[in-house]
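**Q** Sending over a structure as structure tokens; questions will come in a sec.
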Amino acid sequence: MSLQIGIVGLPNAGKSTLFNALTESTQAEAQNFPFCTIDPNVGRVAVPDMRLEKLADIAGSLKVIPESIEFVDIAGLVKGASKGEGLGNKFLANIRETDAVCIVLRFFADSDIHHVLGSHDPLRDKEILETELILKDLDTTEKALEKAERDSKSGNKEKILERDALKKIYDRLSEGKKAKGVELDEKEQEVLYKLHLLTDKKYLYIANVADDEVSTFDYEQAKKTLDLSEDEEIVAISARIESEIALLDRSEKAEFLESMGLEESGLSRLICKAFEALDLISYFTVGEKEARAWAINRDTLAPQAAGKIHTDFEKGFIRADMVKTADFIEHGGWSKAREKGVVHSVGKDYVVQDGDILLFKFNV
């Protein structure tokens, strides 16, 4: 199943235009009025990785299969969504299934594009969005806590643990803070995980800026404006420009970006940042049939990495041949890499690193 990231924002923040550009499509109806996107639009987007094409060229692979992320464009969120305003409840049910959240904030002023609150104010918009998510989580947690309090009266230790964990989560949310970051032990974390709370996800902020502000965007100032922590990421994009770039072929894209003073598209940066936000790395399998990227969590062991391909690979794991991408490229493939001694046999305790090329050995 692909990783999923929800694209959220106030109406007319640029979500659907951004989604169209991401998927190089017009699936999401971008119109100048609220709630034009009623059902969630889902588009699968390849994760850019120049290494993969180089590996495929060297191996003469017939197919190149990059890793992908699914972006979900959901109806615009408004104040009161947690209580069902606008399309709030439908929206919040859809985002609950995603792995992370991209919050689109309008940084540009344009009298021709209506702002649902009458003026653009990125900090205000961010606070509205996050408050609605917190309020919905508070409602979810409160209901779970009421049940846990009833169940804990039996004296069952598991029920008491659940109740106490839910109380900690509820208290944090009541303070207007996201669920992520609440201090819980390992067993209490399991209670949090089962709730699938909206504010227990990774967040990535997107500044939708005017066309002429992309190359000069002040990231440090934007983070201060939005009161973001050092480890919170923001990406500046002109959704309108990106939607135009998406319709160009590769050579035209390069020329267009150069004319704008940009090395890469905002969408490429966004996709890579989204990948990083989920703390993912890629390993590769490379052969004549295909060169393929596989996304795994950082610090994944070799058997579990093999399980990404097929559960039988993990169950029957024996060992894996491993070569670093740089060595594979330098020596021109598996054969020369083996001759030069840069292919290593790794076992069950090997922690897979970003850019490893793996050939798994397993029992069926």
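The values are calculated or read from the model by the stated rules, or taken from the named source; none is laboratory data. Everything quoted here is computed from the prediction, not taken from an experiment. Positions of Cβ are generated from backbone atoms using ideal geometry, with glycine treated the same way; all protein chains shown enter the neighbour counts.
**Q** Looking only at the stretch 85-109, which residues are assigned to a loop (DSSP other than H, G, I, E, B) and at pLDDT 65 or above?
**A** Arg96, Glu97, Thr98, Asp99, Phe107, Phe108, Ala109
**Q** Any idea how many residues of the stretch 184-234 are farther than 18 Å from Ile5 by Cβ and in contact with a Lys or Arg (Cβ under 6 Å, 6 or more places away or on another chain)?
**A** Final tally of qualifying residues: 1.
**Q** Of all residues in the stretch 204-216, how many are crowded, with 19+ Cβ neighbours inside 10 Å and not small (Gly, Ala, Ser)?
**A** Here the count works out to 6.
**Q** Taking Gly333 as meeting all but one of (1) assigned by TED's automatic domain parsing to the domain that holds Asp356; (2) at pLDDT below 95, write down the number of the exception.
**A** (2)
**Q** So, in the stretch 310-354, of the ones that are of a type in the set (Asp, Glu) and part of a helix (DSSP H, G or I), which residue ends up nearest to the chain's Cα centre (by Cα)?
**A** Initially, the stretch 310-354 is screened for residues of a type in the set (Asp, Glu), giving 312, 314, 321, 327, 330, 339, 349, 354.
Remaining after also requiring part of a helix (DSSP H, G or I): 312, 314, 327, 330, 339.
On the way: Asp312: 28, Glu314: 26, Asp327: 30, Glu330: 32, Glu339: 40 Å.
This residue is Glu314.
**Q** On to the next question. Can you name every residue in the stretch 145-202 that is surrounded by fewer than 13 Cβ atoms within 10 Å (Cβ to Cβ), in a loop (DSSP other than H, G, I, E, B) and on the phi < 0 side of the Ramachandran plot?
**A** Lys153, Ser154, Asn156, Glu175, Glu183, Asp185
Residue-by-condition table, conditions (1) within 27 Å of Ile271 (Cα to Cα); (2) modelled with pLDDT under 95; (3) assigned by TED's automatic domain parsing to the domain that holds Lys273:
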position: Thr140; (1), (2), (3): no, yes, no
position: Glu146; (1), (2), (3): no, no, no
position: Asp151; (1), (2), (3): no, yes, no
position: Ser154; (1), (2), (3): no, yes, no
position: Leu166; (1), (2), (3): no, no, no
position: Val209; (1), (2), (3): yes, yes, yes
position: Glu213; (1), (2), (3): yes, yes, yes
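**Q** Same structure, new question: Go over the candidates Ser25, Ser82 one by one and state the one that is surrounded by fewer than 23 Cβ atoms within 10 Å (Cβ to Cβ), within 26 Å of Glu127 (Cβ to Cβ), at pLDDT below 85 and among the small types (Gly, Ala, Ser).
**A** It is Ser82.
**Q** State which residue is modelled with the lowest pLDDT when the search covers only the stretch 54-79 and only residues that are among the aliphatic types (A, V, I, L, M) and touching a Lys or Arg at 6+ places or on another chain (Cβ under 9 Å).
**A** Ala75
**Q** Looking only at the stretch 42-63, which residues are buried (at least 16 other Cβ atoms within 10 Å of the Cβ) and part of a strand (DSSP E or B)?
**A** Hits for the stretch 42-63 are Val42, Gly43, Val45.
**Q** Here's a follow-up. For the structure I just gave you, tell me whether Glu242 is part of a helix (DSSP H, G or I), in the same structural domain as Arg96 (by TED's automatic domain parsing) and surrounded by 14 or more Cβ atoms within 10 Å (Cβ to Cβ).
**A** Criteria met by Glu242.
**Q** Which condition breaks for Val351 when tested against (1) surrounded by 16 or more Cβ atoms within 10 Å (Cβ to Cβ); (2) modelled with pLDDT of 95 or more?
**A** It is condition (1) that Val351 fails.
**Q** Quick check on the stretch 295-304. Is at least one of its residues touching a residue at least 60 places away in the same chain (Cβ under 8 Å), among the hydrophobic types (A, V, I, L, M, F, W, C), buried (at least 18 other Cβ atoms within 10 Å of the Cβ) and assigned to a strand (DSSP E or B)?
**A** Scanning the stretch 295-304 turns up at least one residue that is touching a residue at least 60 places away in the same chain (Cβ under 8 Å), among the hydrophobic types (A, V, I, L, M, F, W, C), buried (at least 18 other Cβ atoms within 10 Å of the Cβ) and assigned to a strand (DSSP E or B).
**Q** Just one of the numbered conditions (1) over 26 Å from Ile103 (Cα atoms); (2) part of a loop (DSSP other than H, G, I, E, B); (3) within 28 Å of the chain's Cα centre (by Cα); (4) not polar (S, T, N, Q) is not true of Glu288; which one?
**A** (3)
**Q** In the stretch 316-333, how many are touching a residue at least 24 places away in the same chain (Cβ under 8 Å) and either out of contact with any Leu (no Cβ under 6 Å at 6 or more places or on another chain) or more than 13 Å from Lys361 (Cα to Cα) (or both)?
**A** 12
**Q** What residue, of Leu257, Leu278, is crowded, with 16+ Cβ neighbours inside 10 Å, out of contact with any helix residue (DSSP H, G or I) (no Cβ under 9 Å at 6 or more places or on another chain) and within 30 Å of Val235 (Cβ to Cβ)? I'd like the intermediate steps shown before the answer.
**A** Working: Leu257 fails: out of contact with any helix residue (DSSP H, G or I) (no Cβ under 9 Å at 6 or more places or on another chain).
Answer to the selection: Leu278.
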